[in-house]
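Everything on this sheet refers to the single structure shown next.
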Amino acid sequence: MQQNLYVNQRLPLTLLAIGIVVFVAYLPGLRGPFVFDDTYHILSNPAVALESLDLTSLSRAALSNDSGPLKRPLAMLSLALTHHFAGGASNTLPFKLTNLAIHLINTGLIYWLSLLLLRQLSSRSGYSPSRLHTWLPALVAATWALHPLQLTSVLYVVQRMTSLSALFVLVGTITFIYGRLRVQDNRVSGYLLMTVGLLTGLTLGLASKENAALLPLFILIIEYVFFHGRTRADRNRLKWFYSLAVFVPYTLALLWLLTHLDFILSAYVFRDFSISERLLTEPRILWFYTSLIFYPNIQRFGLFHDDIAVSTSLFQPWTTVVALAGLVVALTVAVVVVKRRPVLSFSILWFLAGHAMESSFLGLELAHEHRNYLSTFGPIFGIAYALARILERYRAITIPIGVFLLMLITLALTTYIRADIWRSEDSIAAQLVRNHPQSARAHLMFAQVHAQKRNPVKAINHYKRAAELAPLETGYLLRLALTVATTTVAQLKVPPQSNATTSKYPDLPAFLSVSQSNEGTRLELADSVLDEITKKLGSRPIHPRTAQGLAELAECARINRDQCGYIYPRLVEWYPLAIQNPRTFSGVRNDMIISLVETYLAYGDLIEALEMAKRARTIDPSNPNFVLMEADLYFRLGQLDKSERTLLSLDMAGLAITSSVKQQADILATQIASQRGQSTSR
């Protein structure tokens, strides 16, 4: 009897209908751009651009991510395969279609999970569901899939990490429940299935993103709310299972963290807030997430939420203590009413468990919408169940169905409108600046869009605004410097006032200056802004995007001296400061060294380039590229013996040499031999 509860006889058609509606809701954004971290992880990641499917290339792609300690190899491999079969990254459609396909699979898994939980709820409580309840799993799945809060996990390509991890967590949870149901029927073999679900979900989930480590917590919540041991033997066996599967692993992980505090604290070196400020701020952010679930106003969504103020104490702002007290009350309610209101308890506990990692003490950014991807299941499950219980009082089923359809249509339209905004980088940036005017990243994105559209006035103004909103970030000023260097006074449309000897521009912004050169009137950043960049590069965190801004400015100085040449003396001052900065991301330090050496070479400063190459070998002795760089510079300086000895040290040092480095070393060795031959013939 229980197996037939909540069974929808039109299940295939129901799921097909949900899939079609979800597809249509996301359709406008499927050809939208790559955004934000997509650039770093996909477009600027050569390992993702697979040229062949050999094991070496696949391994390099899988291990090319450094945003998590486990490197997220399965997600990265998935992105690399999409890149390969799509023929590159010029077309975003294959990437976003794959993300949508994963989202649709997850929708089916949410239906399945809801069905199992509702059956178990009926079995435990003895509650007999009405005809309306046969549609409840479908309502949960449709609401979850169509909610606009899920959009960034689909259209923000790199967040495939999130959705793929959720897929395996859901599969593991469902497998676990089937095993747990067997145990409930006194079949000891169920423990094997429970273990398989847990280990499979954990292994594949962690290979996609680290928050799959929350799977044991999710299954513990399901046990606490929906199950209970019927006999003493059941309870004892379950205690052993959960001790080994949940409490022991989490206890060991906690002990490891307590004995390796540098793992936690080192991340805050690159943040503009402390660990205590993060812990104070996150309760407010959790309530913000909750408000987005219950009140999905499109104006409140956004790719960035860096406009959320950091809590510096319990009363700064005053909502900090209120948010913290609210979480304590919610958690208390979830524990107290678990027997009388199990669905309410589950909704609260699942949501909080889903944020137990990314909204905790870990030194991550404060807020991102995609962190709610799986967490929203708890509240949505609770909302759908509560609505069904309330509306079942109506004899006419048309009223409940009308309410449900109205809710789903509203969510679908909101997601459709939001997906339409994601059709282009221009529309995304415009919406961000309009709805989040205090977001520095919104102004950065808006400035980048207008820089590409050759609208330097807007670009300069918004880069400057971004720098004002985030005074501790250096990258915005570097982008400002590049835009100013490639902009003429005529483009600014600032009228001069002439006299007998000079031309002045009284309407020019204070952070800009004008100089005369052989090429005419040139626009430059004021020395005060350049000095500010110098100060920040030596003390503030150097993120990958900061390093990218520095690299683009250096490239302009190398290629277009007429516009960016004036910045060269600053660049050779800035790069060493950033390289020596202890708050520089390790992954970008080597790239900055190479960029600096290339810039020295472009200006013929071989001695400075050689000194930098020597320093590079002390910074990273295991890097064969730096050995090759030093050997090449000795060759350029005509010091053939030193070049040859340095080249030979590649093999003697036992460094891991790639085929590319070996090929370049062979070419240099041939050049040295040829140069020696020419000298002998003379």
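The values are calculated or read from the model by the stated rules, or taken from the named source; none is laboratory data. Computed from a predicted structure; not experimentally measured. Note: ideal-geometry Cβ built from the backbone for every residue, glycine included; neighbour counts use all protein chains shown.
Structure notes:
- Filter pass, Ile607 being outside any loop (DSSP other than H, G, I, E, B), free of Cβ contacts under 8 Å to residues at least 60 places away in the same chain and surrounded by fewer than 16 Cβ atoms within 10 Å (Cβ to Cβ): yes
- Within the stretch 619-638, restricting attention to residues that are under 32 Å from the mean Cα position of the chain (by Cα) and in a helix (DSSP H, G or I), the residue that is farthest from Ala665 (Cα to Cα) is Ile619.
- For the stretch 339-385, filtering for residues that are farther than 19 Å from Thr143 by Cβ, in a loop (DSSP other than H, G, I, E, B) and in contact (Cβ under 8 Å) with a residue 24 or more places away in the chain leaves 14.
- Restricting the stretch 1-55 to residues that are part of a helix (DSSP H, G or I), within 26 Å of Ser67 (Cβ to Cβ) and aromatic (Phe, Trp, Tyr) leaves a set whose member that is modelled with the highest pLDDT is Tyr26.
- Filter result for Leu650 (surrounded by 15 or more Cβ atoms within 10 Å (Cβ to Cβ), touching a residue at least 24 places away in the same chain (Cβ under 8 Å) and among the aliphatic types (A, V, I, L, M)): yes
- Total residues in the stretch 568-604, condition more than 23 Å from Leu628 (Cα to Cα) and part of a helix (DSSP H, G or I): 7
- The condition of being crowded, with 18+ Cβ neighbours inside 10 Å and either polar (S, T, N, Q) or modelled with pLDDT of 95 or more (or both) holds for Leu280.
- Every listed requirement among (1) within 17 Å of Ala466 (Cα to Cα); (2) in contact with a Phe, Trp or Tyr (Cβ under 9 Å, 6 or more places away or on another chain); (3) surrounded by fewer than 24 Cβ atoms within 10 Å (Cβ to Cβ) is met by Ile542 save one, (3).
- Entry remark, the stretch 44-71: residues being under 22 Å from the mean Cα position of the chain (by Cα) and among the β-branched types (Val, Ile, Thr) number 1 in total.
- Single residue of the stretch 578-604 satisfying the filter (of a type in the set (S, T, N, Q) and buried (at least 16 other Cβ atoms within 10 Å of the Cβ)) that is modelled with the lowest pLDDT: Thr584
- Out of Ala442, Ala451, Ala481, Ala447, sole residue that is modelled with pLDDT under 90, of a type in the set (Gly, Ala, Ser) and assigned to a helix (DSSP H, G or I): Ala451
- Of all the criteria given as (1) outside any loop (DSSP other than H, G, I, E, B); (2) of a type in the set (Asp, Glu); (3) buried (at least 21 other Cβ atoms within 10 Å of the Cβ), the one not satisfied by Glu473 is (1).
- Among the residues listed as Ala61, Ala89, Ala138, Ala101, the single one being out of contact with any Lys or Arg (no Cβ under 8 Å at 6 or more places or on another chain) and in a loop (DSSP other than H, G, I, E, B): Ala89
Here is a yes/no grid of residues against (1) of a type in the set (S, T, N, Q); (2) buried (at least 18 other Cβ atoms within 10 Å of the Cβ); (3) at pLDDT below 90:
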{"residue": "Leu63", "(1), (2), (3)": "no, no, no"}
{"residue": "Ser67", "(1), (2), (3)": "yes, no, yes"}
{"residue": "Ala75", "(1), (2), (3)": "no, yes, no"}
{"residue": "His83", "(1), (2), (3)": "no, yes, no"}
{"residue": "Ala86", "(1), (2), (3)": "no, no, no"}
{"residue": "Thr92", "(1), (2), (3)": "yes, yes, no"}
{"residue": "Asn99", "(1), (2), (3)": "yes, yes, no"}
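- Residue in the stretch 238-248 that is surrounded by 14 or more Cβ atoms within 10 Å (Cβ to Cβ) and without any contact (Cβ under 8 Å) to a residue 12 or more places away in the chain present: no
- Hits in the stretch 557-580 - residues which are without any contact (Cβ under 8 Å) to a residue 12 or more places away in the chain and of a type in the set (Asp, Glu): none
- Among the candidates Ala142, Ala80, residue that is of a type in the set (A, V, I, L, M, F, W, C), under 20 Å from the mean Cα position of the chain (by Cα) and more than 26 Å from Gly179 (Cα to Cα): Ala80
- Residue within the stretch 412-430 that is farther than 25 Å from Leu151 by Cα, out of contact with any Ser or Thr (no Cβ under 8 Å at 6 or more places or on another chain), surrounded by fewer than 16 Cβ atoms within 10 Å (Cβ to Cβ) and of a type outside the set (Gly, Ala, Ser) present: no
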